[in-house]
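**Student:** My questions will all concern the structure given below.
The values are calculated or read from the model by the stated rules, or taken from the named source; none is laboratory data. Quantities reported herein were computed from a predicted structural model and do not represent experimental measurements. Here Cβ is always computed from backbone atoms with ideal geometry, including for glycine, and neighbour counts include all displayed protein chains. Just so you know, the surface numbers come from the protein's heavy atoms only, side chains and all, with ligands and any DNA or RNA stripped out. Shrake-Rupley method; radii C 1.70, N 1.55, O 1.52, S 1.80 Å.
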Amino acid sequence: MAREKKETAVLRGLQYFEAVNRHASLKLAAQDLGVTESAVSHQMRRFSALTGQKLLTKSGRGGALTAAGEGLAAKLSVAFAGLGVEPVERVEA
C-alpha cells in the first residue's frame, strides 16, 4: 500500500482534530467519523507529528486540547468563518 501523501494526511488530521475538538472526546469523535477510537488516537498522534506540536494531552480516560491545540481550534474557526461556514459548536458531554 502506498504511503499517504502529506497533503492528504494533513487534511485527514484536520478532519479528525475538528471532530475531537467538537465532541471533546476521542470516543464520540470516533463514532461521528465511523472509525475506532484507536484510529482517532493514531491519527491525532500522526497529525501532531506533522504539525510538530502536541495538540492533545491525556486527561483521565479522555483527552484535552493543549495550548497549541486551542490555538489551532481558534484558527480553524476563523478559517471556517472566512469560507462562510458556521463553525460547529462544541458538544458538551
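**Student:** Please pick out the residue among T36, T51, T66 that is of a type in the set (V, I, T) and touching a Lys or Arg at 6+ places or on another chain (Cβ under 6 Å).
**Tutor:** On the way: T36 fails: touching a Lys or Arg at 6+ places or on another chain (Cβ under 6 Å); T51 fails: touching a Lys or Arg at 6+ places or on another chain (Cβ under 6 Å).
Within the list T36, T51, T66, the selection yields T66.
**Student:** Something else: Scan segment 2-22 and give yes if some residue there is among the small types (G, A, S) and touching a strand residue (DSSP E or B) at 6+ places or on another chain (Cβ under 8 Å), otherwise no.
**Tutor:** To start, the set of residues in segment 2-22 that are among the small types (G, A, S) comprises 2, 9, 13, 19.
Remaining after also requiring touching a strand residue (DSSP E or B) at 6+ places or on another chain (Cβ under 8 Å): none.
For segment 2-22, residues among the small types (G, A, S) and touching a strand residue (DSSP E or B) at 6+ places or on another chain (Cβ under 8 Å): absent.
**Student:** Looking at segment 12-45, which of the residues that are in contact (Cβ under 8 Å) with a residue 12 or more places away in the chain and of a type in the set (K, R) is most open to solvent (accessible area, probe 1.4 Å)? Break it down stepwise before answering.
**Tutor:** Narrowing segment 12-45 to residues in contact (Cβ under 8 Å) with a residue 12 or more places away in the chain: 12-29, 32-33, 40-41, 43-44.
Pick out the ones that are also of a type in the set (K, R) and you get 12, 22, 27.
Values: R12: 88, R22: 38, K27: 118 Å².
Only one residue tops the list, namely K27.
**Student:** Of all residues in segment 28-55, count the ones that are of a type outside the set (G, A, S) and within 9 Å of the chain's Cα centre (by Cα).
**Tutor:** Here is the first cut: in segment 28-55, the ones of a type outside the set (G, A, S) are 28, 31-33, 35-37, 40, 42-47, 50-51, 53-55.
Remaining after also requiring within 9 Å of the chain's Cα centre (by Cα): 40, 43-44, 47, 55.
Summing the residues that are of a type outside the set (G, A, S) and within 9 Å of the chain's Cα centre (by Cα) in segment 28-55 gives 5.
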